[in-house]
Amino acid sequence: MARTKEFDREQALDRAMHVFWTKGYEATSLGDLLGAMGIARQSLYDTFGDKHALFLEALKRYSEQGVGAVHSCLDTAPSVRRAIRDMFEAIVDQSEGDKRRGCLGVSASVELAPHDPEVARFLVARQRGLEETFYRALERARTQGEIAASKDTRALARFLTSALIGLRVSATVDPSSQALRDMVRITLQALD
């Protein structure tokens, strides 16, 4: 008779996500994962598959939370310009520890995407989704007169996506730098 699982799958996945986020994929051992998740090796394999499958699921969960917050912020904000500003400034205003931890998606882009096609495909889709969210918001901003009608909203969405990723990387490297505020200021000037 098969035993029932004695752990909360979602909670275990969240814990795995935080281990990967803190240590990266390669530096995370199976022991790190099992300890953080509070499960046995066989439970990990039975529930999530191998380390790579668990990482992909954790990366998807992380992305759903992060991109979901961006969608929510941009889709419901009365002022798109204000929402974009708040989003970029929120990164600068994070604690030094949070900035140093960075973004799991950006870390996976650097660590795994060059040689892991499955991770690369997921990250491309994630980046395009973020771009599409910015694009929809910018189209709304143009309709509402918040940005000039002459703005190329697709190019601007691509720029904002890249600027957001670049800000995350810069914040990881030098979290207390005044350069972060300068990056945000110049990025927001692209909306003028």
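Annotations for the structure displayed:
- Region 85-103 residues that are under 21 Å from Arg185 (Cβ atoms), paired with ones that are at pLDDT below 95 and surrounded by fewer than 13 Cβ atoms within 10 Å (Cβ to Cβ) (beta carbon under 8 Å, 6 or more apart): Glu96/Ser176
- For beta carbons closer than 7 Å, sequence separation of 6+ or different chains, a first residue in region 167-192 that is closer than 24 Å to Val80 by Cα and a second that is among the charged types (D, E, K, R) and part of a helix (DSSP H, G or I), the qualifying pairs are Ala171/Lys99; Val184/Glu89; Leu188/Arg85; Leu191/Arg81.
- There is at least one residue in region 146-154 that is at pLDDT 95 or above, part of a helix (DSSP H, G or I) and under 17 Å from Ala83 (Cα atoms).
- Matching option when the condition is under 14 Å from the mean Cα position of the chain (by Cα) and either under 20 Å from Met17 (Cβ atoms) or basic (Lys, Arg) (or both), among Gly97, Gly102: Gly102
- Qualifying residue in region 113-126 (condition: crowded, with 17+ Cβ neighbours inside 10 Å, touching a helix residue (DSSP H, G or I) at 6+ places or on another chain (Cβ under 7 Å), among the hydrophobic types (A, V, I, L, M, F, W, C) and assigned to a loop (DSSP other than H, G, I, E, B)): yes
The values are calculated or read from the model by the stated rules, or taken from the named source; none is laboratory data. Predicted model only: the values in this text are computed from it and were never measured. Cβ sites come from the backbone with ideal geometry, for glycine too, and all protein chains shown count toward neighbours.
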